[in-house]
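Structure, as C-alpha cells:
The values are calculated or read from the model by the stated rules, or taken from the named source; none is laboratory data. This is a predicted model, so every value here is computed, not measured. FYI the Cβ positions are ideal-geometry reconstructions off the backbone, even for glycines, and counts take in every protein chain you see. Heavy atoms of the whole protein, side chains included, go into the accessibility calculation; ligands, DNA and RNA do not. Shrake-Rupley method; radii C 1.70, N 1.55, O 1.52, S 1.80 Å.
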Amino acid sequence: MSPRASRLADLDLDLVALAERLGELCREKGITVTAAESCTGGGAASAITAVAGSSDWFETGYVTYANGAKTRLLGVPEALLAQHGAVSRAVVEAMVAGACRDSGAGLGVAISGVAGPGGGSVDKPVGTVWLAWGDAERAEAECHHFAGDRAAVREQAVREALIGLVRRLEQS
C-alpha cells in the first residue's frame, strides 16, 4: 500500500479528521469540492465547514431534500425522478453533475436515501442510501445499507461521503 493510500486507513474515521484530510488534499491539488445532499440535510457540508479555512476549498453546498429542489437547483430531470425515484443511482449521478456544473467545483458528492424511521419500501428499505462522487461530466455511484436509527443512518452516510471524496483525491 502506498503512503498516500495508507493515510486514509490511519484516520479514525472521525468526521472532523476526515474533513481535515479532505482539506489537505484539496489544497494540495488545487481543487474545490461541493456536496448535493438530500437525506443528510447538509450534514456533509456541516462536517466540511467545521474545519477552519474550509472556504478555501468548499464554496457551495446544496440541500435538495424535495424532488422539486433537485430539479430546480441541480437540473435533475423530472422524468428521471419519476422513472427511478430519488433514491437511485441515476438521480445521485445527476445530482453530483448538477452541483459541480453550478458551483464550478472539480469534485462533488451527492447523497440521497431513506433515513427513516418511515419511508422505506421492499425495494428501498430504511437505511438504503445512494452516494455518487464525480464532476460535471462523470460520476461513480454506490448503494449502501446502513443500520440504526435516523441519526445513525445520516451520520454513516456523511462519513461514507467524506471517505469517498478523500479516496478519490488520494488516488488522483
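Some points to look at:
- Sole residue being open to solvent by less than 60 Å² (accessible area, probe 1.4 Å) and either over 23 Å from R21 (Cα atoms) or in contact with an Asp or Glu (Cβ under 9 Å, 6 or more places away or on another chain) (or both), chosen from V122, V109, V153: V109
- Taken over the range 42-55, residues that are closer than 30 Å to L81 by Cβ and open to solvent by 40 Å² or more (accessible area, probe 1.4 Å) amount to 2.
- Helices (runs of 4 or more DSSP H) contained in the range 1-53 and holding at least 2 residues at pLDDT below 95 and among the basic types (K, R): 3-10
- Screening G148 against (1) farther than 17 Å from E37 by Cβ; (2) surrounded by 14 or more Cβ atoms within 10 Å (Cβ to Cβ); (3) within 16 Å of the chain's Cα centre (by Cα) leaves a single unmet condition, (3).
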